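Below is one structure, written out as structure tokens; the observations come after it.
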Amino acid sequence: MGRVTDLVPFSTLLTDEGQALLAALRDYDPAQELAVASRLRREHPVGLVTAALTQARLRQRAVAKFGAADAHRMFFTPNGVEQATRSSVAAYRAGRFAALGVRSVADLCSGIGGDAIALARAGISVLAVDRDPQTAEVARANAEALGLAELIEVRCADVTEIDTGAYDAVFVDPARRGGRGRIFDPEAYSPPLSWAIGAARARPHAALKIAPGIPHEAVPDDAEAEWISDGGDVKEAVLWFGTRPGTVGATLLPGPRSLTGRGLPDPGVREVGRFLYEPDGAVIRAHLVAEVAEELDGGLLDETIAYITADELRPTPYATAYEITDELPFGLKKLKALLREREVGNLTVKKRGSAIEPEELRRKVKPKGPNAATVFLTRVAGAPTMLIGRPA
């Protein structure tokens, strides 16, 4: 970062000089930043160079969420990159709003505008509200940069003072981080979840983005709860209002593939079968392991662990299948001997219900050889167990 005297207004990056500088920095190597900065400062103001380098770094980080085409046209803040919705998730949610017939949305706590962009691209007009002036300025610049300014109105204001009566729906993404990091109490969100629920109930349709770890008992009876994963990683949970009250679902992206709960009892525990299934994280968070186990005609290895075992291989988008070749009581010496015998050098370690860390295990067994295997550190009917296998 530059000295305070080097700082320039964000709007300087929107000038022709700022835009040209950003274009020149698109593919720069951050490891060469000192040399690049020295060269550019001979031709441009020091503050502008500092701001452009910061923005270039943020754009490179944002590629993973927004894709290269959008990320290198957009503008970001450090918190904006961290907290923005991944574009694939935002597009899916915007599609759900559009399918409900929603034509206008009040996007409260809009951040840098990731969700507003997805909504606008779905043909929905958006009021994007954020109380931080710089964040609102960045959101406005993003709407302009992506050609969506006619559909996105950005307003810098406290969301609790916004009248949403003119909009078909509201979307609320409360801040879930504070000065000490991640916030786990929904009432400590900004604004609190209770306020967001009240705002949601005031409109025909609404969606509230919440942390995926929210307790199921905290979900209101009149809401639909949906857990979303993208590429196998759980990204968020959403409370929908005006859709299917009381429904619990898991949605997997890309796809989308959606699984809806049917209130099944927990699966029974059974002996280890030929195949082990690792349910997607969204399925686990949504408490829908029973629905997947029924589909696979399987049971649990242990009543407290979300690994499903079955005798047959059945394709399912909701779990990854592994063929199990060995079942051993937990013991590093036995594992090390087996891996040496099989000449396993490429070892994937997965664990549920085990205290040992994957890196610690790799360090102790020292895998070596041309072959690959997956080891599951888990419990089988309460007993610490190692299951060795491979993707099916």
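The values are calculated or read from the model by the stated rules, or taken from the named source; none is laboratory data. Everything quoted here is computed from the prediction, not taken from an experiment. Neighbour counts are summed over all protein chains in view; Cβ atoms, including those assigned to glycine, are modelled from backbone coordinates with ideal geometry. For the accessible areas, the whole protein counts, side chains as well, though only heavy atoms, and no ligand, DNA or RNA atoms are used. Shrake-Rupley method; radii C 1.70, N 1.55, O 1.52, S 1.80 Å.
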Kindly establish whether ARG182 is open to solvent by 60 Å² or more (accessible area, probe 1.4 Å) and within 19 Å of the chain's Cα centre (by Cα).
yes
Looking at (1) under 22 Å from the mean Cα position of the chain (by Cα); (2) closer than 21 Å to LEU387 by Cβ; (3) open to solvent by less than 20 Å² (accessible area, probe 1.4 Å), which is the one condition that is false for TYR318?
(3)
Regarding the stretch 263-280, can at least one residue be identified that is buried (at least 22 other Cβ atoms within 10 Å of the Cβ) and either over 19 Å from ALA321 (Cβ atoms) or more than 20 Å from the chain's Cα centre (by Cα) (or both)?
yes
The one condition VAL159 fails out of (1) of a type outside the set (Ser, Thr, Tyr); (2) in contact with a strand residue (DSSP E or B) (Cβ under 9 Å, 6 or more places away or on another chain); (3) under 24 Å from HIS216 (Cα atoms) is (3)
Could you please tell me which pairs satisfy a Cβ distance under 9 Å, a separation of 6+ or placement on different chains, a first residue in the stretch 363-392 that is touching a residue at least 60 places away in the same chain (Cβ under 8 Å) and on the phi < 0 side of the Ramachandran plot, and a second residue that is among the acidic types (Asp, Glu) and in a loop (DSSP other than H, G, I, E, B)?
VAL380/GLU271
Looking at this structure, is ALA381 open to solvent by 60 Å² or more (accessible area, probe 1.4 Å), among the small types (Gly, Ala, Ser) and under 21 Å from ASP266 (Cα atoms)?
yes
Quick count over the stretch 321-362, residues being in a loop (DSSP other than H, G, I, E, B) and more than 28 Å from the chain's Cα centre (by Cα), is 3
Of all residues in the stretch 198-212, which are open to solvent by 20 Å² or more (accessible area, probe 1.4 Å) and either over 12 Å from the mean Cα position of the chain (by Cα) or under 25 Å from GLY101 (Cα atoms) (or both)?
GLY198, ARG201, ALA202, ARG203, PRO204, HIS205
The lone exception for ILE308 - which of (1) at pLDDT 95 or above; (2) aliphatic (A, V, I, L, M); (3) in contact with a Lys or Arg (Cβ under 6 Å, 6 or more places away or on another chain) it fails:
(3)
From (1) open to solvent by less than 40 Å² (accessible area, probe 1.4 Å); (2) touching a Leu at 6+ places or on another chain (Cβ under 7 Å); (3) closer than 21 Å to GLY95 by Cα, pick out the condition that doesn't hold for VAL159.
(3)
Could you check, for the stretch 284-307, whether at least one of its residues is open to solvent by less than 40 Å² (accessible area, probe 1.4 Å), in contact with a Phe, Trp or Tyr (Cβ under 7 Å, 6 or more places away or on another chain) and within 30 Å of ARG203 (Cα to Cα)?
yes
